[in-house]
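The values are calculated or read from the model by the stated rules, or taken from the named source; none is laboratory data. Model, not experiment: these values are computed from the prediction. Please note: Cβ atoms are built from the backbone with ideal geometry, for glycine as well, and neighbour counts cover all protein chains shown.
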Amino acid sequence: MKNLKQRLMQISEELRQLAEGLEVADEPAPQEPAPEITLEEVRGVLADISRAGFTADVKKLIVRYGAERLSDVDPNSYAALLNDAKELKNA
């Protein structure tokens, strides 16, 4: 009986350790960061839009983001700038 009790306690401990391992596995995997948008990508999109006849609108967008030139736009604003630019093209 004593051996049975010890074996049950041992099994209980092993099950607890297994359950802890499963809880960690259930956590979502870390997401990869979104690809960083480069100045060159933004420049390419804006150049295409400008060539499509929206040069003045592209300049207004750049000014709206607090810059006189595209290279002066804060890189943290590139995604929003691209979204606004694509809306221009689709308008």
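Would you confirm, using the coordinates I've provided, whether Glu40 is assigned to a loop (DSSP other than H, G, I, E, B), free of Cβ contacts under 8 Å to residues at least 24 places away in the same chain and not hydroxyl-bearing (Ser, Thr, Tyr)?
Details: assigned to a loop (DSSP other than H, G, I, E, B): no; free of Cβ contacts under 8 Å to residues at least 24 places away in the same chain: yes; not hydroxyl-bearing (Ser, Thr, Tyr): yes.
For Glu40, the condition - assigned to a loop (DSSP other than H, G, I, E, B), free of Cβ contacts under 8 Å to residues at least 24 places away in the same chain and not hydroxyl-bearing (Ser, Thr, Tyr) - is not met.
Let me confirm something: among Val45, Val24, Val63, Val58, which residue is modelled with pLDDT under 90 and either surrounded by 13 or more Cβ atoms within 10 Å (Cβ to Cβ) or of a type in the set (Val, Ile, Thr) (or both)?
Details: Val45 fails: modelled with pLDDT under 90; Val63 fails: modelled with pLDDT under 90; Val58 fails: modelled with pLDDT under 90.
After ruling out the rest, the residue left standing is Val24.
So which residues in region 66-79 are exposed (fewer than 12 other Cβ atoms within 10 Å of the Cβ) and over 13 Å from Glu41 (Cα atoms)?
Scanning region 66-79 gives Gly66, Glu68, Arg69, Asp72, Asp74, Asn76.
Would you check if Leu81 is part of a helix (DSSP H, G or I), of a type in the set (A, V, I, L, M) and in contact with a Phe, Trp or Tyr (Cβ under 6 Å, 6 or more places away or on another chain)? Before the answer, list the steps.
Values: part of a helix (DSSP H, G or I): yes; of a type in the set (A, V, I, L, M): yes; in contact with a Phe, Trp or Tyr (Cβ under 6 Å, 6 or more places away or on another chain): yes.
So Leu81 fits the description; yes.
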